[in-house]
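Structure first, then comments.
The values are calculated or read from the model by the stated rules, or taken from the named source; none is laboratory data. Because the structure is predicted, anything quoted here is derived from the model rather than measured. Here the Cβ is made from the backbone with ideal geometry for all residues, glycine too, and neighbour counts use every protein chain on show.
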Amino acid sequence: MSKPTYFDLVSEAAAFVRSKMTPKLAAAPPQVAIVLGSGLGSVASRVTDSVVVPYSEIPHFPQSTVEGHAGQLIMGLICGTPVIVMQGRVHYYEGYHPLEVTFPMRVLGALGMRVVILTNAAGAIDTNYRIGQLIAINDHINMMGFNPLIGPNEPRFAIHSKAGLRFFDMTEAYSKRLRALAKTSAELEGFEIGDGIYLAVSGPSFETPAEIRAFRALGATLVGMSTVPETIVARHMGIEVLGISCVTNLAAGLGSGQLSHEEVYQAGRQVEKRLAGLLELLVPQIAAITDGTV
């Protein structure tokens with residue numbers, strides 16, 4: 001018997017997750033997924049009629065090992081809209097291969113997601129940002145040292161005919177129309193969302209002040225250790241991406257104290273309620289656009 005391919009492993013994981021859906025959810029499958037970053041996990045409590053599937057039960061699924069990443073898939077409704085929420089992600093610095101880091105995104109694509117909202121905790125390079133501020137990512141810089149698509153191209157991952165290409169366009173990695181929706185929804189909630197360019201590093205050590213100065217010269221306004229591999233893979237499949245960073249700390253050399261994961265985690269916890277309110281407004285609107293009903 002031949003060894004299962006990466007596509008086979010993803011398909012097996014997706015079939016398992018699909019088997020856990022309630023009959024109601026299976027009849028109207030989610031097309032919107034949310035990935036929750038460090039300290040943002042309790043946003044998942046807004047999901048109703050939910051089914052919780054630990055990552056440990058999903059075949060071939062990588063396990064979260066970092067505080068603030070619960071490591072479970074939640075399927076249900078947000079304001080009546082079907083949704084899948086990843087409560088935690090895995091990172092390259094945990095020792096995972098790039099194909100493992102992006103395995104969950106491949107599974108979401110196989111489950112029929114058309115849109116993914118990627119959230120993360122990020123350090124502020126732009127000194128105009130405030131701790132706890134939400135920033136819509138309008139572009140990224142990949143300084144992680146790898147591209148998750150290196151290796152054989154698998155066009156079967158594509159969700160539509162224009163996706164799955166070996167060489168594909170990343171001019172609009174982060175959806176303009178979804179950013180516009182996010183900003184409008186934030187205004188209804190009584191706050192503003194900023195714009196930013198997210199630079200991804202491998203971690204797990206925080207950056208040096210010299211690196212932050214270099215990143216600023218490159219045009220970055222945010223720095224973090226996730227999101228970019230997921231975005232690249234999502235766009236390869238044809239999934240539309242909305243990226244939202246929570247500013248949890250000033251980057252190295254910009255503040256007075258030492259950086260710590262605890263600081264990042266606690267800052268994320270403080271902004272969870274604001275992010276949850278935003279997502280409750282956003283998800284139904286995004287689903288309506290995805291379905292072509294507005």
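Selection over the range 1-60 of residues that are modelled with pLDDT under 95, in a loop (DSSP other than H, G, I, E, B) and surrounded by 15 or more Cβ atoms within 10 Å (Cβ to Cβ) gives a count of 5.
Beta carbons closer than 8 Å, at least 6 apart along the sequence or on distinct chains, pair a first residue in the range 72-101 that is on the phi < 0 side of the Ramachandran plot with a second that is among the polar types (S, T, N, Q) and crowded, with 24+ Cβ neighbours inside 10 Å for 72/87; 73/87; 74/87; 89/226; 91/226. Tell me yes or no: at least one residue of the range 86-106 is assigned to a strand (DSSP E or B) and either within 16 Å of the chain's Cα centre (by Cα) or within 30 Å of residue 285 (Cα to Cα) (or both). Yes, there is a match, as at least one residue in the range 86-106 is assigned to a strand (DSSP E or B) and either within 16 Å of the chain's Cα centre (by Cα) or within 30 Å of residue 285 (Cα to Cα) (or both). The residues on offer are 180, 217, and the sole one that is more than 23 Å from residue 254 (Cβ to Cβ) and either without any contact (Cβ under 8 Å) to a residue 24 or more places away in the chain or exposed (fewer than 14 other Cβ atoms within 10 Å of the Cβ) (or both) is 180.
From the list 114, 130, pick out the single residue that is surrounded by fewer than 24 Cβ atoms within 10 Å (Cβ to Cβ), more than 13 Å from the chain's Cα centre (by Cα) and at pLDDT 95 or above.
Working: 130 fails: at pLDDT 95 or above.
Selected residue: 114, the only one of 114, 130 that is surrounded by fewer than 24 Cβ atoms within 10 Å (Cβ to Cβ), more than 13 Å from the chain's Cα centre (by Cα) and at pLDDT 95 or above.
When you check residue 100 against the structure, is it of a type in the set (D, E, K, R), over 17 Å from residue 276 (Cβ atoms) and surrounded by 16 or more Cβ atoms within 10 Å (Cβ to Cβ), yes or no? Spell out how you get there, then give the answer.
Numbers: of a type in the set (D, E, K, R): yes; over 17 Å from residue 276 (Cβ atoms): yes; surrounded by 16 or more Cβ atoms within 10 Å (Cβ to Cβ): yes.
So residue 100 passes the test.
The set of residues in the range 107-117 being assigned to a loop (DSSP other than H, G, I, E, B) and among the hydrophobic types (A, V, I, L, M, F, W, C) consists of 111, 113.
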